[in-house]
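Trainee: To start, I am sharing the structure in question, which I have written as C-alpha cells.
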Amino acid sequence: MSRQPVVVIVGRPNVGKSTLFNRLTRSRRALVHDQPGVTRDRIIADAERPGGGRVTVVDTGGLLLEDEDQYVPLIRSQAEEAIRGADAVVFLLDGESGPIPEDRDIANYLRALGVPVVPVVNKADRSGVELGAPEFNALGLGEPVLISAEHGRGTDELWEALDGHLGVSQVADEQPDRADEVQVAIIGRPNVGKSSLLNRLVGDERALVSEIAGTTRDAVDCLIERGGQRYLIVDTAGIRKGRLLKENVDHVSVVQARHSIERADVVVLVLDAEAGVREMDATIAGLADKAGRGVVIAVNKWDLAAERGLKQRSFTESVRDDIKFISWAPLVFVSARTGMGIAALLKKADAVGVSCRQRVTTGQVNRVLGKAAREHAPKAAKGGAPVSILYGAQVGIAPPTFAISISHPVDLHFSYKRFLENRIRAAFGFEGAPIVIKVRARRH
Ligand code: GDP
C-alpha cells in the first residue's frame, strides 16, 4: 500500500493558513502530535482530493516570525521536518499586503530546502489584487494560484496545481471512514453554563490531551479523552469569549452556535435547569436540527434544581413540550459546579455520534416499513388515490437518511412520515440522531 501524500502549508502569521487548512480538511479528524509545543501550532488532518483519494495536510505555524513564542526552536524544527517530508508545500501569501521581506525570506528558505513549492496568494477577493498577481512573481517560485480561503474560491485550481506533485489519486488505498474522535459543539444561550461546563470538561488535567490553536485567533479546539474515547470540543474560544462579553446580546450566541454546529458531529445543547426552557433555547435547538446534527440535551445547574426539589421527570416533560422537534434527543442532567453527570454526558455524546453513523440494511428497512404499512395504510396529505409504499432504503448517514418509494406522486401526510420515523426508531434506535425521510414516487 503506497503512502498517503503529504501537503504542508507554510507562510507568515495571519496570511490565512488555518483558514485554508480548515477549508481543505473541513477540520475533520484533527490530530495533534504529542510533543509539547508542537501541539499548539501544528495541526494535521486528512483532506479529500476532488478526484478521489486523500492527502494529509499539515498546518505549520510560527515558522519564522513568532519570536514571542517560547517554543519557537522546537516548532521550527518540527515544521522543517514536516516541510522536508512534504510531497508539496503550499506557500501561502497575502494578496492584500503584497510580498513583504519576510515572504522573500521564506521563499529563499524553501528554495534552499529544495522542496516542491506551490505559491498561493490568499485574500484574492480583496481589492488591489491584480489578475495573476504579478508582483509575487519576483519571489521566483512561478506564477501563484489565487484563492480566497475564506470564501472557498480558487480551491479547485489549487488542487490542480497540487496534482502534479501528488501523483495519481490512490482511491483503492483509501482508509475506511473511521471517526477517530467525536467532534462536539457546546451550544446554548448566554448564562446557561457553557463556559463552566467546558472548564469542567477540560479543567481536569487528566482529561485534556491538548488545546489545538490555529495561528490565528479564530477557532480553538480542545481534544480530551475520557474512558478511552477522544472528544474534540470545537470552537472553545467562542465559548470563553462569550464569558468575557457578558452583556453580549442573544444574537451573538446564535451566530456562535451556527458556526460551531457546522463543525460538529454531535451538539450538546445546554439548558439552565433554574431558568427553565426559554424560546431562545428552542431557536438554538432548531439550528442543530436543521443542520442534521446529533443532539444531546444537557440540563445544567441540576445541583440548584435538586435543592429545590425539582424532579427530573417533570423537567423532561417540560423540555419535550417546549422543544418538540428534537424529541429524539436524549437528556442528561448535569452540574458543571459539582461535576454530576459529566461522565454520562460524554458517554451519551459518543453514543449519539455512533447513532448518526449507523447503517441498516435495505432488507431490515423493508421489513419495518412493510409491517408499519400493514398496520396503518399510508395517507396522502390531500385526499386523492390510495397510495402504497413500494420499498425503502437507507441512503445516507449523519444524518441517517431514508428514501421511501411510493406508488403515486402524492405528498405523504406529515403525521404519516412521523409515524414511519417512529417505527424506524423503535426498530433500530438512532437515539439522538435526526432522521431524514425522502419520499419519491415510482416513475410511470
Ligand atoms: P455561559 O454564558 O453559558 O458560558 O455560562 P457560564 O458558564 O458563564 O455560567 C453562567 C453562570 O452560571 C455562572 O455564574 C456560573 O458560575 C453559573 N453556573 C454554571 N454552571 C452551574 C452549575 O452547574 N451549577 C450552579 N449552581 N451554577 C452554575
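Trainee: List every residue whose amide H lies under 5 Å from the amide H of Val439, counting only residues 5 or more places away in sequence or on a different chain, with H placed 1.01 Å from N in the peptide plane.
Mentor: Close amide H contacts, sequence-distant or interchain: Ile404.
Trainee: Amide H to amide H under 5 Å from Val90: which residues, 5+ apart in sequence or cross-chain, H placed 1.01 Å off N in plane?
Mentor: For Val90, whose amide H was placed from the backbone, the distant partners under 5 Å are Val8, Ile9, Val10, Val118.
Trainee: Would you mind getting the Kirkwood hydrodynamic radius of the range 286-336 from its Cα pairs, rounded to one decimal in Å?
Mentor: In the range 286-336 this quantity evaluates to 11.8 Å.
Trainee: Further question on the same structure: Go ahead and run the numbers for FRET between Arg26 and Ala385, Cβ-Cβ distance against an R0 of 35 Å, rounding to 0.05.
Mentor: Efficiency at R0 = 35 Å is approximately 0.20.
Trainee: Let me have the relative contact order for the range 285-444, percent, based on Cα pairs under 8 Å that are six or more residues apart.
Mentor: Computed over the range 285-444, the figure is 26 percent.
Trainee: Can you give the Rg to Rh ratio of the range 362-441, both from alpha-carbon atoms, with Rh computed by the Kirkwood formula?
Mentor: So for the range 362-441, dividing Rg by the Kirkwood Rh gives 0.94.
Trainee: Test of understanding: what is the full-extension gain from Asp322 to Glu48, defined as 0.36 nm times their sequence separation minus their Cα-Cα distance?
Mentor: 94.6 nm
Trainee: Determine the percent antiparallel among the DSSP beta bridges restricted to the range 362-441, to the nearest 5.
Mentor: Taking every DSSP beta bridge with both residues in the range 362-441, the antiparallel ones total about 55 percent.
Any read-out appearing in this document is the output of simple, stated calculations on the displayed coordinates, not a laboratory observation. Values in this document were obtained by computation on a predicted structure and should not be read as measured data. Heads up, the Cβs are rebuilt from the backbone with ideal geometry, glycines too, and the neighbour counts pull from every protein chain shown.
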